[in-house]
Amino acid sequence: MKYFFVIISFYLFFSSSCTLQKKRNENWTQLFNGENLNGWEIKIAGFELGDNYLETFRVENGNLVVCYDEYEAFGNRFGHLFTEKSYSHYKLRVEYRIVGEQLEDAPAWAYRNNGLMLHSQSAESMGIDQYFPTSIEVQLYGGVGDDHRTNLNVCTPGTIIDINDELMTEHCFNSDLKVINGEDWVTVEVEVQGDSLIKHLYNGEVVLSYNNIRFDLDSPENDILLQGEFKNLKLSEGKIAIQSESHRTEFRKIELLDLTKK
């Protein structure tokens, strides 16, 4: 029996050491360099490509900030900050917090709300007044007081997904992860496997997963997309974008692990 416990202890030690070594060897790429917006493209509803209206997206103290201190009113100026590159199979990890007060004329559903847009259409392909890109949205919430909302939900602007192999008929679907109240930094991860599977993770645990990611052919914006940069029904790759939805949001880390590389 003594030798049995020695063998088990050695196995557990060896296994944990291998897992730790594997994580240390992971080659994460920093999508945000902490200094400027190089590598990103901006599109805000009502403005031309690249017009960073009132410096909505900026860098402050090494953080990427979605800011409205120069706004008099939100005016439905929904915006997005897009990666220049497209991605298909990857892990995405971000550290964020939502702080301060929301603009008064903003929609109630955007309160302490931001998002990661995955498999997104490009900034160049968006219409001048288009609010949201065709994409998969991973919702990023911040809570306050007795907020009972859930975090890391999924929404589907111009897209369709299956949950538990059944068609999701609603625009959004909630996870089981309760939102964290306060303004502390929150770290979340997303694992993306092309059009076959996407997982939302918190503390290494999967809180929501879905599969069979594809275009919604009834969405009017997709008429042009399906003739142009996206020609197939399945949605297997695209840009990654960060939203500006009327509430100040700060990101101090946005990093990606390319799963196509071994």
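Some values worked out for this structure:
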read-out	value
All positions within the stretch 139-172 that are part of a strand (DSSP E or B) and within 22 Å of Pro220 (Cα to Cα)	Val154, Cys155, Thr159, Ile160, Ile161, Asp162, Leu167, Cys172
Test result for Glu84, acidic (Asp, Glu), in contact with a strand residue (DSSP E or B) (Cβ under 7 Å, 6 or more places away or on another chain) and under 25 Å from Gly127 (Cβ atoms)	yes
Flag if Val186 is aliphatic (A, V, I, L, M), surrounded by 19 or more Cβ atoms within 10 Å (Cβ to Cβ) and under 20 Å from Gly238 (Cα atoms)	no
Elements of type strands (runs of 3 or more DSSP E) contained in the stretch 52-136, each with 2 or more residues being out of contact with any Leu (no Cβ under 9 Å at 6 or more places or on another chain) and at negative phi	63-66, 79-83, 89-98, 113-120
Search result, residues across the stretch 156-169 that are under 22 Å from Gly238 (Cβ atoms) and free of Cβ contacts under 8 Å to residues at least 12 places away in the same chain	Leu167
Condition met for Gly158 (in contact with a helix residue (DSSP H, G or I) (Cβ under 9 Å, 6 or more places away or on another chain) and not hydrophobic (A, V, I, L, M, F, W, C))	yes
Some residue of the stretch 216-226 being modelled with pLDDT of 95 or more and surrounded by 18 or more Cβ atoms within 10 Å (Cβ to Cβ)	no
Checklist (1) assigned to a strand (DSSP E or B); (2) among the hydrophobic types (A, V, I, L, M, F, W, C); (3) in contact (Cβ under 8 Å) with a residue 12 or more places away in the chain applied to Leu217, failing item	(1)
Residues satisfying the stated conditions in the stretch 98-118, i.e. of a type outside the set (S, T, N, Q) and under 12 Å from the mean Cα position of the chain (by Cα)	Gly115, Leu116, Met117, Leu118
Some residue of the stretch 232-253 being in contact with a helix residue (DSSP H, G or I) (Cβ under 9 Å, 6 or more places away or on another chain), in a loop (DSSP other than H, G, I, E, B) and modelled with pLDDT under 95	no
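Table: residues versus (1) over 25 Å from Glu124 (Cβ atoms); (2) modelled with pLDDT under 95; (3) not polar (S, T, N, Q).
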| position | (1), (2), (3) |
| --- | --- |
| Ile8 | yes, yes, yes |
| Tyr11 | yes, yes, yes |
| Thr19 | yes, yes, no |
| Leu37 | no, no, yes |
| Tyr53 | no, no, yes |
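Here's the yes/no breakdown for (1) buried (at least 16 other Cβ atoms within 10 Å of the Cβ); (2) closer than 25 Å to Ala45 by Cβ; (3) not hydroxyl-bearing (Ser, Thr, Tyr):
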| site | (1), (2), (3) |
| --- | --- |
| Asn113 | yes, yes, yes |
| Leu116 | yes, yes, yes |
| Ser120 | yes, yes, no |
| Gln139 | yes, yes, yes |
| Gly145 | no, no, yes |
| Thr150 | yes, no, no |
| Pro157 | yes, yes, yes |
| His171 | no, yes, yes |
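The values are calculated or read from the model by the stated rules, or taken from the named source; none is laboratory data. Just so it is clear, the model here is predicted, and its values are computed rather than measured. Using ideal geometry, Cβ is built from the backbone for each residue, glycine included, and neighbour counts are taken over all protein chains shown.
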